[in-house]
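Before any comments, here is the structure.
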Amino acid sequence: MFITFEGIDGVGKSTQLDLLETYLTKRGHEVMRTMEPGGTDLGQEIRHLLLHRKGEVAPRSEALLYAADRAHHVATKILPALEAGKVVLSDRYFDSSVAYQGAARELEVDEVRDISLWAVGGLIPDLTILLDLPADVAIQRRNKTGVEPDRLEKEQVDFFERARDEYLRRANEPRFLVVDAAAPIDEIHQKVLERVKLLES
Ligand code: TYD
């Protein structure tokens, strides 16, 4: 089982990942929780280049760095875990690139999707949970954490609006579950569980 969590910054992905990880572990599954960018040692270095290095990163370079992180992540961590029968939970996967680099950064959405799919050898998640919030609300929530914004988080509201709209467009695919991230934490978790239970059976 390969499950990914998506959404713009500030929608509460980590909280829901924590809850689902606890549920699946209690049910006796071996869970491998991971994230992008930075799910591997090499990925941590790429993450630093993408988010914390000073100076400009050209949009196509940004897209390729995310794809490079992902290619290594899939080959060395995700695929081996799936082959060992583990449940893989990832905080972001290639839909992030399509939404952020394709739509928000205004590269071609289809081109970014093709590059991402090439990077991962066509590995598509069984389930993608999209936590949805309007961009202004998500930004406010993110700012409340008090954590210094990284390079991407410094973008303006219209950047996140484009990313959100693209996520919602992509969510027509049956592998998506869209949940209103303004709902109470436990209500969101119950909706996630309903869908995960279908995969388990
Ligand atoms: P994330 O780790 O979710 O941020 P945080 O550590 O603050 O929770 O992701 C880092 C940023 O990278 C986030 O702003 C979204 C962005 N991103 C992309 O633009 N494209 C991608 O393919 C991925 C995976 C993330």
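The values are calculated or read from the model by the stated rules, or taken from the named source; none is laboratory data. Since this is a predicted model, take the numbers as computed values, not measurements. Cβ atoms come from the backbone with ideal geometry, glycine included; neighbour counts cover every protein chain shown. The protein model used for the area step is the full one, side chains on, heavy atoms only, and it has no ligands, DNA or RNA in it. Shrake-Rupley method; radii C 1.70, N 1.55, O 1.52, S 1.80 Å.
Odds and ends about this structure:
- Long-range neighbours under 9 Å by Cβ, at least six apart or interchain, first residue touching a residue at least 60 places away in the same chain (Cβ under 8 Å) within region 37-61, second within 11 Å of the ligand (Cβ to nearest atom) and part of a helix (DSSP H, G or I): L50/E62; L50/L65; L50/Y66; L50/D69; V57/L50; V57/L65
- Among residues of region 78-88, those that are in contact (Cβ under 8 Å) with a residue 12 or more places away in the chain and either within 16 Å of the ligand (Cβ to nearest atom) or out of contact with any strand residue (DSSP E or B) (no Cβ under 8 Å at 6 or more places or on another chain) (or both), counted: 5
- Some residue of region 62-77 being surrounded by 15 or more Cβ atoms within 10 Å (Cβ to Cβ) and in contact (Cβ under 8 Å) with a residue 60 or more places away in the chain: no
- Within region 44-53, tally of residues that are open to solvent by 30 Å² or more (accessible area, probe 1.4 Å), within 11 Å of the ligand (Cβ to nearest atom) and touching a helix residue (DSSP H, G or I) at 6+ places or on another chain (Cβ under 8 Å): 1
- All positions within region 13-43 that are near the ligand (Cβ under 10 Å from one of its atoms), touching a strand residue (DSSP E or B) at 6+ places or on another chain (Cβ under 9 Å) and assigned to a loop (DSSP other than H, G, I, E, B): E36, G39
- Residue satisfying condition, being farther than 20 Å from I115 by Cα and either open to solvent by less than 70 Å² (accessible area, probe 1.4 Å) or modelled with pLDDT under 95 (or both), within set G28, G39: G28
- Scanning region 164-183 for residues being open to solvent by 60 Å² or more (accessible area, probe 1.4 Å) and farther than 18 Å from I139 by Cα gives a total of 5.
- Residue match in region 98-113 (condition: among the hydroxyl-bearing types (S, T, Y), in a helix (DSSP H, G or I) and either modelled with pLDDT under 95 or buried (at least 24 other Cβ atoms within 10 Å of the Cβ) (or both)): yes
- Residue under evaluation G122, criteria (1) more than 14 Å from the ligand (Cβ to nearest atom); (2) surrounded by 15 or more Cβ atoms within 10 Å (Cβ to Cβ), criterion not met: (2)
- Any hit, region 71-90, residues being in a helix (DSSP H, G or I) and under 23 Å from G10 (Cα atoms): no
- Per-region count, region 57-76, residues within 10 Å of the ligand (Cβ to nearest atom) and over 14 Å from M35 (Cβ atoms): 4
- V137 satisfies every condition listed in (1) at pLDDT 95 or above; (2) closer than 22 Å to T40 by Cβ; (3) surrounded by fewer than 17 Cβ atoms within 10 Å (Cβ to Cβ) except (2).
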